[in-house]
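*Asks:* The structure follows.
What follows is calculated from the coordinates using simple rules that are stated; it is not laboratory data. Since we're looking at a predicted model, the values are computed, not measured. Here the Cβ is made from the backbone with ideal geometry for all residues, glycine too, and neighbour counts use every protein chain on show.
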Amino acid sequence: MNKPYYESGDLKKFKNISDWSPELGKQFFEYYNRVFAEGALSAREKSLIALAVAHTVQCPYCIDAYTQDGLERGIEKAEMMEAVHVAAAIRSGASLVHGVQMMEVYNKRSM
């Protein structure tokens with residue numbers, strides 16, 4: 001059987017991304033940790049946002065990580081699914097709004 005492209009175990013190796021570029025890795029993780037710290041938004045809210053974004057950018061590692069993070073923060077499955085639907089609505093809306101550009105080009109060139 002073919003080995004899947006994404007290995008869930010690779011997520012645990014993410015911390016090693018700094019091995020080949022220690023300074024940039026250090027700066028990234030400092031930034032990342034500051035972003036997800038409590039602030040105007042709670043860590044719980046940020047986790048839901050991250051889960052929605054993970055689905056939008058289609059990152060299986062992020063989906064795994066923020067589903068687990070959400071579970072640890074007491075986020076219910078209905079809340080997670082609602083966040084995924086928000087992401088889907090924004091993504092589909094972004095595709096559709098570009099239809100205005102298509103309509104404009106069509107109207108200009110078909111005259």
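*Asks:* Please return the longest stretch of the chain lacking exposed loop sites, where chymotrypsin sites (Phe, Trp or Tyr not before Pro) count only if DSSP places them in a loop and at most 15 other Cβ atoms lie within 10 Å. Numbers along the way, then the final one.
*Replies:* Working: sites that count: Y5, Y6, F36.
Between exposed loop sites, the widest span is 37-111.
*Asks:* Might you report the magnitude of the Cβ-based charge dipole of the stretch 13-60 about its Cα centre, with Lys and Arg at +1 and Asp and Glu at -1, to the nearest 20 debye?
*Replies:* 100
*Asks:* Treat each spin label as a single point 7 Å out from the Cα along the C-beta direction, and report the Q58 to K26 distance in nm.
*Replies:* It works out to 3.7 nm between the two label points.
*Asks:* Using only Cα atoms, tell me the angle between helix 22-35 and the longest principal axis of the chain; keep it within 0 to 90° and round to the nearest 10.
*Replies:* Roughly 70 degrees, rounded to the nearest 10.
*Asks:* What list do you get for H55, H85 if you sort them by fewest beta carbons within 10 Å? The partial results should precede the final answer.
*Replies:* Values: H55 20, H85 12.
Ascending number of Cβ neighbours within 10 Å: H85, H55.
*Asks:* Now for a separate question. Relative to the longest principal axis of the chain, what angle (0 to 90°, nearest 10) does the C-alpha long axis of helix 43-56 take?
*Replies:* On a 0 to 90 degree scale, this one is about 50.
*Asks:* What dipole magnitude, in Debye to the nearest 20, does the stretch 17-109 give about its Cα centre under +1 on Lys/Arg Cβ and -1 on Asp/Glu Cβ? Could you put the intermediate results ahead of the total?
*Replies:* On the way: 9 positive and 12 negative charges, 97 e Å.
About 460 debye.
*Asks:* Helix 60-72 against the longest principal axis of the chain: what's the angle in degrees, Cα atoms only, rounded to the nearest 10?
*Replies:* 60
*Asks:* What whole number of Å gives the distance from the Cα centroid of the stretch 93-111 to the Cα centroid of the stretch 1-47?
*Replies:* If you average the Cα positions of each part, the centres end up 38 Å apart.
*Asks:* Follow-up question, since we're still on this one. Can you put D64, D10 in order, fewest other beta carbons within 10 Å first?
*Replies:* Details: D64 15, D10 12.
Fewest-to-most Cβ neighbours within 10 Å comes out as D10, D64.
*Asks:* Considering only M102, Q58, A40, whose Cα is most displaced toward the positive end of the charge dipole of the stretch 17-109, charges sitting on Cβ of Lys, Arg (+1) and Asp, Glu (-1)?
*Replies:* After comparing all options, I get M102.
*Asks:* For the chain, with a Gaussian network of springs between Cα atoms less than 10 Å apart, report the residue from R34, R91, R73 with the top mean-square fluctuation.
*Replies:* Per the Cα network of the chain with a 10 Å cutoff, R34 tops the list.
*Asks:* Can you work out ³J(HN,Hα) from phi for every residue in the stretch 81-92, in order, using Karplus 6.51 cos²θ - 1.76 cosθ + 1.60 and θ = phi - 60°, giving whole Hz and x for Gly and Pro?
*Replies:* Using θ = phi - 60°, the values come out as 5, 5, 4, 5, 5, 4, 4, 5, 5, 5, 5, 5 Hz.
*Asks:* Short version: ³J(HN,Hα) in whole Hz for each residue of the stretch 106-111, in order, from phi by Karplus 6.51 cos²θ - 1.76 cosθ + 1.60 (θ = phi - 60°), x for Gly and Pro, what are they?
*Replies:* 4, 4, 5, 8, 9, 6
*Asks:* Have a look at A54, A94, A65 and tell me which one the Gaussian network model of the chain (Cα, springs below 10 Å) gives the largest fluctuation.
*Replies:* A94
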